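What follows is a set of notes on a single structure, which appears directly below.
The values are calculated or read from the model by the stated rules, or taken from the named source; none is laboratory data. Keep in mind the model is a prediction, meaning the values are calculated, not measured. Don't worry about glycine lacking a Cβ; one is built from the backbone with ideal geometry, like all the others, and counts go over all protein chains shown. Each accessible area value is taken on the protein alone, full model and side chains, heavy atoms only, with ligands, DNA and RNA left out. Shrake-Rupley method; radii C 1.70, N 1.55, O 1.52, S 1.80 Å.
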Amino acid sequence: MAEQSALLACGCYRFRSVSHLWRPQLVKPVRLAIVGATGLVGRTTLDVLAEWQIPLRALRLFASDESAGRMMTWNGRSYALEPLASVPLDVDAAILATSRKISQQWAPRFREAGVIVIDHSSAFRMDTDVPLIIPEVNGRALNGHTNLIANPNCSASVVVLPLAALNREFQLRAIVVDTYQSVSGSGQDAVAELDAQLADSQSPAKIYPRPIAHNVFPQVGPFDVRGLCDEEQKVVDELRKILECPQLSIFTTTVRVPVRVGHSAAVTVECMKAVSRADVETAFRNMPGMIYEADTYKTPREIAGKQEVFVSRLRVNESDPRWLQFWAVGDNLRKGAASNAVQILMELFRD
Ligand SMILES: NC(=O)c1ccc[n+]([C@@H]2O[C@H](COP(=O)([O-])OP(=O)(O)OC[C@H]3O[C@@H](n4cnc5c(N)ncnc54)[C@H](OP(=O)(O)O)[C@@H]3O)[C@@H](O)[C@H]2O)c1
């Protein structure tokens, strides 16, 4: 698809009421490619771009060879899906929402061609020259980027906002994170697997190691020789990098649950000093991007489609008030992926 001269959405854009927690900002019109536009993250990205009225000067959509030629509609216009055969040189930025393998192959090519890449895969997250960004926490790490920015893992994204709030005020000493992760975190084929097993209990497990319908299992990704599964190592590594606490003690158990959308986490924290409930509540309320609720709690069903992370069930240990616990839940496709990447895009193309 050739570059379109007209703006695809409105011109320079003033951030309106996406969330009362966000500050208004202006975004320059961008020429954008989305690779993996038909997937869960790609489609949610298109939803977010439209909902937030991000001004695009051109939009090119890529998917697998099998999808090439099919049409997708965005903001009332039709777009032909393209196969990824060469780097599109008529775009300013590309959001890669495909597999780690495709990112490993294509991100360096986009980067060398001068296209800024925001990558959803785990391929480059721990590279020292690649910022791993949650804008509310470490947006300043975008300074000096070299055309490749990594979007964090969806479980890390759900817990990092309250943890950053605590770290700023009280300094973290150790954390224990137990996740309850939805199947959409594994892509569209995993959602189809849950649906098939809900319809027919004999439908086989293909994506997952066990049947997921009416079940939970403490495994997200393959195990390493020490017995950690892939997701547990990602949560440890990525939280340390985003929080800039390379020595932080982190213990995690990642669990897959038969929920369509929304990752939840039960988090236990040891701070460097004793905290009061009132001070923690103030820290949580002052943290942009999250909503703290003192008197109720949210579940994945209630927050699917929302941008913010919801934090509740705060408990400060009475016998040792350096310790506290809370419950966090967020939409893995929104803050865990698409909307965080669009936030990064907005930071990069700020007017
Ligand atoms: N899902 C989440 O909550 C989440 C959160 C954070 C990060 N991520 C990461 O984001 C990435 C995408 O996840 P997802 O959940 O959106 O996966 P998904 O639903 O399985 O979608 C995969 C996308 O990749 C496309 N694709 C496959 N082969 C391709 C090729 N050769 N060239 C171009 N595109 C190709 C697919 O196109 P077709 O439709 O044509 O096959 C589809 O659009 C993954 O790296 C994942 O780890 C996901």
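Lys and Arg at +1, Asp and Glu at -1: add these up for the other residues within a Cβ distance under 15 Å of Arg277 and post the number. Here the charged neighbours net out to -2. For the residue pairs Lys28/Lys335; Lys206/Lys241; Lys241/Lys273; Lys273/Lys335, alpha carbon separations beyond 28 Å are given by Lys206/Lys241; Lys273/Lys335. Length gained on full extension, Asp295 to Asp178: 39.9 nm, using 0.36 nm per residue less the C-alpha separation. The order of the peptides 168-176, 59-67 by mean Cβ neighbours within 10 Å, most packed first, is 59-67, 168-176. Computed across segment 94-220, the Kirkwood radius stands at 17.0 Å (inverse of mean 1/r, all Cα pairs).
Of the DSSP H helices in the chain, those that are both long (alpha-carbon extent of 24 Å or more along the helix axis) and hydrophobic (Kyte-Doolittle mean at least 0.0) are 154-170. The relative contact order of the chain, computed from alpha carbon pairs under 8 Å that lie at least 6 residues apart in sequence, is 18 percent. The accessible area of Asp178, taken with all protein chains in place and a 1.4 Å probe, comes to roughly 50 Å². Segment 129-182 and segment 307-351 have Cα centres spaced 9 Å apart.
Computed on the Cα atoms alone, the convex hull of segment 184-279 gives a volume of 137 cubic angstrom per residue. Among the aspartates and glutamates, which have Cα under 17 Å from the Cα of Lys306 when same-chain residues fewer than 8 positions away are ignored? Lys306 reaches Asp47, Glu51, Glu136, Glu293, Asp331. Cβ-Cβ distance of Val225 and Ala205, R₀ of 30 Å, FRET efficiency by 1/(1 + (r/R0)^6): the value works out to about 0.80. Taking a sphere under 11 Å around the Cβ of Tyr208 and counting the other residues whose Cβ falls inside, with K and R at +1 and D and E at -1, yields a net charge of +1. Accessible surface ranking for Met290, Met272, Met72, 1.4 angstrom probe, highest first: Met272, Met72, Met290. Here segment 156-332 is assigned +1 on the Cβ of each Lys and Arg and -1 on the Cβ of each Asp and Glu. Its dipole about the Cα centre then comes out at about 200 debye. Fully extending the segment from Glu281 to Asp65, taken as 0.36 nm per residue of separation minus the present Cα-Cα distance, adds 72.8 nm.
Multiplying the residue separation of Asp351 and Arg77 by 0.36 nm and subtracting their alpha-carbon distance yields 96.0 nm.
Over the C-alpha atoms of segment 156-332, the Rg to Rh ratio, Rh being the Kirkwood estimate, stands at 1.00.
Helix content alone sets the calculated 222 nm mean residue ellipticity of the chain: runs of n ≥ 4 DSSP H residues at -39500 (n - 2.57) each, divided across all residues, give -8000 deg cm²/dmol. Summing Cβ point charges (Lys, Arg +1; Asp, Glu -1) relative to the Cα centre of the chain gives a dipole of roughly 460 debye. With all projection directions averaged, the alpha carbon convex hull of the chain covers 18.2 nm². Ordering Val280, Gln247, Val225 by Cα displacement along the dipole of segment 188-292 toward the positive end leaves Val280 in first place; charges were set at the Cβ atoms of Lys, Arg (+1) and Asp, Glu (-1).
Each other residue within a Cβ distance under 13 Å of Ala266 adds +1 if Lys or Arg and -1 if Asp or Glu, for a net charge of +1.
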